[in-house]
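What follows draws every value from the coordinates through simple rules; no lab data is involved. Remember, predicted model here, so these are calculated numbers, not experimental data. All Cβ positions, glycine included, derive from the backbone under ideal geometry; neighbour counts span all protein chains shown.
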Amino acid sequence: MSAVLVVHGGAWAIPDELAKASVDGVKTAAREGFSVLKRGGSAVDAVEVAVRSLEDNTVFDAGTDDGLSVNGDIQIYLMFQLCLTYFLPQTSHVMLTSQGANLFAESIGISTVPTETLVTEYERREWEKAHDTVGAVALDSAGNVACATSTGGIRNKMVGRVGDSPVIGCGGYADNLNGAVSCTGHGESILKVTLARLILSKIEQGKSVTEASQMSLQHMGDRVKGAGGAIVVSPSGHWAATFTTERMAWAAVEQDVLWYGLDPHERLKEQLPQ
């Protein structure tokens, strides 16, 4: 089985001043995530490494530089899934939020930092504008797929608002029978059409990963007037990076070839060193 990893840095109207940094960021994350797969690592470890790289990059609205709520506070949303297994280790629960999520993170040894250190000066200045999500999908050499999606949400969101990113079947979905998906875009629209699961349902019906993504994003636009993007990998190693927004920074690695793009229909490639 040939390993594949695909990442995205959010589907939105990425301004020219962030374009190069966004593309460089997804390329770096894709290389780092794929290095895990090349060493025989698991799909879930690969997407974790890739998303962590994106979260640590202040260009993206995840981890550092999260979108602020109306009161200027931060909320972070994160999903990991490996073949229908939603990752909350050491508990039978599927989702935790707010103080409970913080307490659980501390209980399993995840280090914490003051929330104000996650807000950059750029985020403070751009409080009134839109931003987006990061994500990764992977197929490892054992044939397992995984997805990860992370975001700080939209700017000026209501306190307590939960978007699509942590919701199974919306912001992401992984199933070894059909593939893995990570979504980005207008969260409420993605939630209403359960975009990630919709894409995989199209694959179940025999559509290619590209057709399934295009049809599902078109459906979201027609039904709820929402735009967005998705990255997908199938159990056979086919992948797609599709979006209906102005731009989406994405990158993919397969067989030591790095593919990447930003604008519609853009598909560039580089050979990775052996």
Determine, from the Cβ-Cβ distance of ARG39 and HIS219 and an R0 of 35 Å, the FRET efficiency 1/(1 + (r/R0)^6), rounded to the nearest 0.05.
0.35
Expected sort for 14-21, 234-241, 135-142, 3-10 on mean C-beta neighbours within 10 Å, highest first, is 3-10, 135-142, 234-241, 14-21
Give the separation of the Cα centroids, region 161-217 to region 1-56, in Å.
19 Å
ILE110 paired with THR28, simple spin-label distance in nm, labels 7 Å along Cα-to-beta-carbon:
2.2 nm
Rounded to whole Hz and in sequence order, give me ³J(HN,Hα) for region 245-260 from the Karplus expression 6.51 cos²θ - 1.76 cosθ + 1.60, θ = phi - 60°, writing x for Gly and Pro.
7, 5, 8, 8, 7, 8, 7, 9, 10, 8, 6, 6, 10, 9, 9, 7
